[in-house]
1. Taking LEU27 as meeting all but one of (1) part of a strand (DSSP E or B); (2) in contact with a helix residue (DSSP H, G or I) (Cβ under 9 Å, 6 or more places away or on another chain); (3) modelled with pLDDT of 95 or more, write down the number of the exception.
2. For region 319-331, state whether one or more residues are under 33 Å from the mean Cα position of the chain (by Cα) and of a type outside the set (S, T, N, Q).
3. Would you mind finding the one in GLY181, GLY116 that is assigned to a strand (DSSP E or B) and not polar (S, T, N, Q)?
4. Name the single residue, out of those in region 352-372 being of a type in the set (A, V, I, L, M, F, W, C) and not in a loop (DSSP other than H, G, I, E, B), that is surrounded by the most Cβ atoms within 10 Å (Cβ to Cβ).
5. Quick one: in region 296-318, of everything that is under 28 Å from VAL430 (Cβ atoms) and over 28 Å from the mean Cα position of the chain (by Cα), which residue is surrounded by the most Cβ atoms within 10 Å (Cβ to Cβ)?
6. Any residue in region 62-78 that is closer than 25 Å to ARG575 by Cβ and free of Cβ contacts under 8 Å to residues at least 60 places away in the same chain?
7. Being within 26 Å of GLY448 (Cβ to Cβ), free of Cβ contacts under 8 Å to residues at least 60 places away in the same chain and not charged (D, E, K, R), is that true of even one residue in region 207-229?
8. Run THR32 past the list (1) among the β-branched types (Val, Ile, Thr); (2) without any contact (Cβ under 8 Å) to a residue 40 or more places away in the chain; (3) in contact with a Phe, Trp or Tyr (Cβ under 7 Å, 6 or more places away or on another chain) and report the number of the one that doesn't hold.
Amino acid sequence: MRLFLSLVIFLPFLCLAQETTKGDYLLDEQLTQKCKKDIQRTVKILKRIKKFDLVEHEVEGPLPVASAADKDTGYILFTRDYLDPIFYNSVPVKNERTKEVKFFATPGEYESVQIGVYPLKDLTGVKVTASDFTNGKDTLSASNFAVKWVRYMAGTGGPATIYMMQPESMEDFTNINIKDGITNQFWITVKVPEDAKPGNYTGKAIISAANGETSEVAMQLEVLPFKLDKIETYFGFWYDNKDAAQLKKELKEMREHNITCTVGYKPPTKYENGKVIIDSTSYIELLKLHKDMGVKVMDANISAVASVLHPSITPWFSDKFNSAVKDWLIQLQKIWTDNGFGELVINVYDEPRDKALCRPGINISYEETLQFLQLIKQVPDIKTSVTLSGPNPKFDSQILKYMDRTQPHLSQNFKDHIKMAKDMGKEIIVYNNGYSSLAWGFCVWKCGAKGNFQWFLEPLSIDNAYSPIRSNPEYPGQVNTRVLYPTKDGFTPGIKAVYVREGVDDYKYIVTLENTIKKLAGKKEAEEAVKEAKKVVEQVRAKIPDYPSAALETGYETGETKLEKQASEMLKDIRYSIAQQLTKLSKF
């Protein structure tokens, strides 16, 4: 009797333990389709020892009521703003169940539409294509529209052992199978030709399944009658890929997503026979490739020479040490000048801090930072920068005196530092502010910065890029920072790449409006239009928070807050109001 009771009590728990969740299904799909056997085995071991806990994304709301027509079709289509992510258990709300979508872009701009497919049964052979678009006279060929399927992948940005399946890599496909109950998403992205005529173009997205009916989403693209200004900006990532073949493909994908610079390359340096020597051949090749692809190398780090001089020359800042550093700076300056690489900026290590908190080879103290800045300034025409993790009232004014560019976080903590930098006429580039489009766009503009960069874009091979295992436990969010994913033929973007691209486009829209207002200053016929445009600029400034953390952040890196939709609608409305003003001003 006792054995019988034990079985009765135990068996339900046994069944529960074996139940496969939607997240489990998608994780298995990721591992089997994209990961090698050793990664698959490692994940199984981590799960067994409770070091890989997969949590389910919170269900968004009540399940939709399917009509008879929906059941015949086999799925429910819905559209959602691309800054409001679709998860595997997302459900379409009433106003999203539309078969019409409108969007706008300027010539030369990329713009996307996100379509969700909520399956009512297992679907096979699902295809999504875009038609030609026409305004009655002119045509945008379907070849200008790229259709991507979004893969859900296990990611974590918080506790090291907690994972959740979330939208990640955007992949080319011919057709796919969709499991009943798992919402899938497709992105249609247009690259508007540079010579596209303005006007409203209509076309459609066609969705079909081998075991379901074909549906269409009517699409209207408004091509605006102006172009965004080409603006000197610094939007990018820490990055140190030295594989030329891979680098060329990756730089191309970066440029298509408004990534204009990389940070982190150290000039290859050695100290032999009492002389500092830079391996100029490999370094020049690297910088030339960046230049050819339209991506700047933002700076060089002083640690490249300081690390090779120690312990050969000690102590730091002795006459011999200073002489060797200045010789290195002169060599480096000649490389940049002779090859037309632009202004040379020397960054001083990373995030100065109190001596006791410095990580060897990575950080140095505030006092040492100040000494390096003073040393660099002894060589004419070289600019300086420091990346700051926190303000230091004692040293801020001292180090800013010798800095041409300050690189702080965009947060309340740096309010006084940013104001001081502005008052002193220093260039500002902010960093490590997350992946929301707000952090890459309007917030950068509002604080007066020339760009934003993030730690970091990790150079990965196709063998390990899709692994859910964190490659460096020291950086808790690293597994979630893959902006681009390598493929057999090149690279494909992750969702974050689109957030970056759209944020930088927001920056371009508002700066283009400001530039246009300046150009039209004094033109009497444009006086009223300029006045209205200035008012819109101030309205945008009032709506945008000073810091991205104080706003309704978009993107799943912040977790599901139920506020993404409000934020995406706010940003879309702001951009459209700017576009309307630029359209009016384009007539003058």
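1. For LEU27, the exception is condition (1).
2. Narrowing region 319-331 to residues under 33 Å from the mean Cα position of the chain (by Cα): 329.
Narrowing further to those that are of a type outside the set (S, T, N, Q): 329.
So far as region 319-331 goes, yes, one or more of its residues are under 33 Å from the mean Cα position of the chain (by Cα) and of a type outside the set (S, T, N, Q).
3. Details: GLY181 fails: assigned to a strand (DSSP E or B).
GLY116 is the lone residue from the list that is assigned to a strand (DSSP E or B) and not polar (S, T, N, Q).
4. If we take residues in region 352-372 being of a type in the set (A, V, I, L, M, F, W, C) and not in a loop (DSSP other than H, G, I, E, B), then PHE372 is surrounded by the most Cβ atoms within 10 Å (Cβ to Cβ).
5. Quick first cut of region 296-318, residues under 28 Å from VAL430 (Cβ atoms) only: 296-307.
Subset that is over 28 Å from the mean Cα position of the chain (by Cα): 305-307.
Numbers: VAL305: 27, ALA306: 22, SER307: 15.
Checking each candidate, the answer is VAL305.
6. Within region 62-78 (the criterion being closer than 25 Å to ARG575 by Cβ and free of Cβ contacts under 8 Å to residues at least 60 places away in the same chain), the answer is yes, since at least one residue qualifies.
7. Within region 207-229, none of the residues are within 26 Å of GLY448 (Cβ to Cβ), free of Cβ contacts under 8 Å to residues at least 60 places away in the same chain and not charged (D, E, K, R).
8. Here THR32 meets the rest and fails (3).
The values are calculated or read from the model by the stated rules, or taken from the named source; none is laboratory data. Source: prediction; values computed, not measured. Note that we place each Cβ from the backbone using ideal geometry, even for glycine, and neighbour counts take in every protein chain shown.
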